[in-house]
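The values are calculated or read from the model by the stated rules, or taken from the named source; none is laboratory data. Note that the coordinates shown come from a computational prediction; the quantities given were computed from them, not determined experimentally. When we count neighbours, we look across all protein chains shown, and the Cβ atoms used for this are built from the backbone with ideal geometry, even at glycine.
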Amino acid sequence: MVSSPADRPTATELIEAVREYLERDVMPLEGRTGFHARVARNALGMIQRELDLGPGLEAECRDRLAELLGDSRKDLSLRELEGELVTAIRAGDFDERLSEVAECVRKAVDAKLAISNPEYFVE
Amino acid sequence: MSRLSPEEITARLEAAFDRHFGFKPTIANLRRLTGGASRETWSFDIDADADSGLPGGLILRRDPGKTPLALERSTEAGLLSAAYDAGVPVPQIVCKLDDDDGLGPAFIMERIEGETIPRKILRDAEYAEARPKMSAQCGEILAKIHAINFEDLGLPAPGDAHPVDDQIKQYRQLLDGFGEPHPAFELGLKYLEESKPPLARLALVHGDFRNGNLIVGPDGIRSVLDWELAHIGDPLEDFGWLCVRSWRFGEDSNEVGGFGHLEDLCEAYEAAGGDSVSPESVRFWEIFGTVKWGVICIVQAFTHLNGLTRSVELATLGRRVCEMEYDVMRLLPW
């Protein structure tokens with residue numbers, strides 16, 4: 001639940017209402033309109049999962065990456081840390097620790113996928 | 001060239017037929033087709049008389065704006081003609097349009113009836129007999145494409161370096177330009193750079209040969225679409241791309257487009273005159289294709305975010321990028 005001064009419907013209830021409208025009235029339409037309604041419905045699922053999981057997953061990813069990159073990086077944002085990691089991988093700084101890097105990157109990708117499309121996970 | 005309303009397109013098409021063929025047909029059933037989020041494909045019918053030699057069902061391909069990573073429309077039209085002559089199943093070009101037609105870079109081609117929506121091709125009973133044939137058909141078609149003489153097609157000639165080098169460089173630049181770091185793709189590019197197989201030969205590569213760009217009937221593949229990513233490169237690139245997990249549309253155990261197996265593809269390719277291909281050598285190009293599709297999704301999402309083409313479809317492609325990151329991380333050896 002997002003904290004907010006707004007009246008009901010809550011963000012979740014609004015998403016639900018829009019989703020019902022798309023599924024009932026728009027998705028059955030032929031062609032691009034129906035197809036885009038399906039895309040829009042899927043986007044609502046992403047927003048809902050992001051509201052539920054986003055803050056927790058972001059903190060976990062950030063902490064893991066800060067640990068990998070070293071203590072001096074502990075105040076950087078997740079985006080900044082990922083930028084540093086890209087630079088370091090390209091420079092070959094992690095060539096001796098690639099499986100460790102890959103492990104960290106896998107967890108970060110899993111976090112994004114859990115929000116955007118959890119059905120895509122294998123196993 | 002900007003977006004045009006259906007009425008404007010109808011009027012300009014009528015005028016274009018008048019200019020190129022000397023008659024003004026009635027344009028009917030004009031509708032925009034799903035697919036090709038940034039470039040426009042319109043289907044329409046004309047009341048062509050038998051003397052004109054024109055088919056009644058036609059397709060207009062046009063660009064509302066500039067798209068990176070894709071060919072000019074005129075080069076695409078030339079490629080389609082060359083493929084047609086080589087016996088590749090493709091629509092025949094009816095007319096290349098020019099600036100005076102007012103439709104932007106565009107051409108008109110015959111409309112081939114059939115299904116392109118992958119989920120229907122993979123699941124509908126109508127295509128149950130087509131599916132087991134399609135992997136071998138792809139092999140045969142790819143052998144024909146890779147045998148086309150690519151010298152006079154107007155495609156940029158590759159330099160002396162391995163053809164993958166230029167693309168790796170291009171993808172790095174694109175990735176850096178958007179300011180959204182993707183460590184998974186950086187690992188993928190590092191692997192590609194360090195593991196590239198020796199280049200056996202150069203060939204015309206379709207560049208987007210996959211489920212979704214094939215017109216399929218109950219009898220199998222009827223046409224190969226979307227030549228706009230064609231280039232000169234390693235023919236195995238088309239094999240890897242066809243096997244990228246996104247194009248399996250949920251049928252993950254069928255590694256070729258969700259409909260078939262790599263062994264059938266390679267066997268048919270060889271039988272049709274193509275080089276011998278080992279399934280292992282396709283893996284490198286599957287990783288390459290997965291990174292490439294991830295980069296294209298980012299480009300597409302930013303086409304929306306930068307305001308060039310606002311679209312919920314393009315926007316959500318940005319959220320599909322992590323699917324390709326996930327697949328790359330599954331394919332890498334580390």
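Values computed for the structure shown
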{"item": "Cβ-Cβ under 6 Å pairs, at least 6 apart or on other chains, region B:201-224 side modelled with pLDDT under 95, far side assigned to a strand (DSSP E or B)", "result": "B:Leu202/B:Ile232; B:Gly207/B:His231"}
{"item": "Where a residue in region A:95-108 is within 9 Å of another protein chain (Cβ to nearest Cβ) and its partner, wherever it lies, is aliphatic (A, V, I, L, M) and buried (at least 18 other Cβ atoms within 10 Å of the Cβ), with Cβ under 6 Å and at least six apart", "result": "A:Cys104/A:Leu68; A:Val105/B:Ala184; A:Arg106/B:Met329"}
{"item": "Filter result for B:Gly250 (under 22 Å from B:Leu80 (Cα atoms), surrounded by fewer than 23 Cβ atoms within 10 Å (Cβ to Cβ) and touching a helix residue (DSSP H, G or I) at 6+ places or on another chain (Cβ under 8 Å))", "result": "no"}
{"item": "Lone qualifier among A:Glu67, A:Glu82, A:Glu50 - being away from every other protein chain (no Cβ under 12 Å) and among the charged types (D, E, K, R)", "result": "A:Glu67"}
{"item": "Among residues of region A:85-94, those that are among the aromatic types (Phe, Trp, Tyr) and facing chain B (nearest Cβ under 8 Å), counted", "result": "0"}
{"item": "Qualifying residue in region B:144-155 (condition: at pLDDT 90 or above, under 19 Å from the mean Cα position of the chain (by Cα) and charged (D, E, K, R))", "result": "yes"}
{"item": "Among the candidates A:Arg24, A:Arg73, residue that is among the charged types (D, E, K, R) and at pLDDT below 95", "result": "A:Arg73"}
{"item": "Selection from region B:272-294 of residues that are surrounded by 21 or more Cβ atoms within 10 Å (Cβ to Cβ), free of Cβ contacts under 8 Å to residues at least 60 places away in the same chain and more than 14 Å from chain A (Cβ to nearest Cβ)", "result": "B:Val282, B:Trp285, B:Glu286, B:Gly289"}
{"item": "Counted residues, region B:139-192 - those being outside any helix (DSSP H, G or I), closer than 30 Å to A:Ser77 by Cα and of a type in the set (Val, Ile, Thr)", "result": "0"}
{"item": "Subset of region B:162-195 [loosely packed, with under 15 Cβ neighbours inside 10 Å and more than 11 Å from every other protein chain (Cβ to nearest Cβ)]", "result": "B:Lys169, B:Gln170, B:Gln173, B:Gly177, B:Ser195"}
{"item": "Criterion (crowded, with 23+ Cβ neighbours inside 10 Å, touching a helix residue (DSSP H, G or I) at 6+ places or on another chain (Cβ under 9 Å) and more than 14 Å from chain A (Cβ to nearest Cβ)) met by exactly one of B:Leu199, B:Leu242", "result": "B:Leu242"}
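Results for (1) of a type outside the set (Ser, Thr, Tyr); (2) within 11 Å of another protein chain (Cβ to nearest Cβ); (3) under 15 Å from B:Trp241 (Cβ atoms), shown as yes or no for each residue.
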{"residue": "B:Ile296", "(1), (2), (3)": "yes, no, yes"}
{"residue": "B:Ala301", "(1), (2), (3)": "yes, no, no"}
{"residue": "B:Cys322", "(1), (2), (3)": "yes, yes, no"}
{"residue": "B:Val328", "(1), (2), (3)": "yes, yes, yes"}
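Every residue, every condition in (1) part of a helix (DSSP H, G or I); (2) surrounded by 14 or more Cβ atoms within 10 Å (Cβ to Cβ), yes or no:
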position	(1), (2)
A:Pro5	no, no
A:Val39	yes, yes
A:Ala43	yes, yes
A:Gln48	yes, yes
A:Pro55	yes, no
A:Arg62	yes, yes
A:Asp75	no, no
A:Ile89	yes, yes
